[in-house]
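No lab work stands behind these numbers, since they all come straight from the coordinates. Just so it is clear, the structure is predicted and the values come from calculations on it, not from any experiment. Please note: Cβ atoms are built from the backbone with ideal geometry, for glycine as well, and neighbour counts cover all protein chains shown.
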Amino acid sequence: MLRADVAIRFVTLRVDLATALLRVEQNPTRGLSRDENFLTRHYEELAETLRDRPAHDLCLDTAALTLEQATARVVAWSTGAPAAG
């Protein structure tokens, strides 16, 4: 149970469908997400939820950021430190 004074924060990692399909094609360890029809439906089902997410949540486009950049932004956002990268 979280204390009442703990702020809950959400980070959403996004990538466009074309990039997601390319990534899963290159990763043989993926399961159901390698199926193009499944992944396309998944994106369609989540579209409204992602559009309506709270404005104060952090949303990062992983097609435009390296792992290091995304990590630095999450740390900076969660700690209030200036973002680097």
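Remarks
- The range 41-58 - phi-based ³J(HN,Hα) in whole Hz, Karplus 6.51/-1.76/1.60, Gly and Pro as x: 4, 4, 4, 5, 5, 8, 3, 5, 4, 5, 5, 9, 5, x, 5, 7, 6, 8
- Phi angles of the range 3-19 translate, via the Karplus equation with coefficients 6.51, -1.76, 1.60 and θ = phi - 60°, into HN-Hα couplings of 5, 5, 8, 8, 7, 8, 10, 10, 10, 10, 9, 10, 7, 5, 4, 4, 5 Hz per residue; Gly and Pro are given as x.
- Long-range amide H partners of Cys59 with built H, under 5 Å: Thr12
- Low-density loop cleavage sites - chymotrypsin sites (Phe, Trp or Tyr not before Pro) in the chain, where at most 13 other Cβ are within 10 Å (DSSP): Phe10
- Fraction of alpha-carbon pairs over 19 Å apart in the range 11-79 - percent: 43 percent
- Phi angles of the range 72-77 translate, via the Karplus equation with coefficients 6.51, -1.76, 1.60 and θ = phi - 60°, into HN-Hα couplings of 4, 5, 5, 4, 4, 5 Hz per residue; Gly and Pro are given as x.
- Exposure here means at most 16 other Cβ atoms within 10 Å; with trypsin sites (Lys or Arg not before Pro) in a DSSP loop as sites, the longest stretch of the chain lacking them is 31-85.
- Residue among Thr79, Cys59, Tyr43 farthest towards the positive dipole end of the range 11-79, charges placed on Cβ: Thr79
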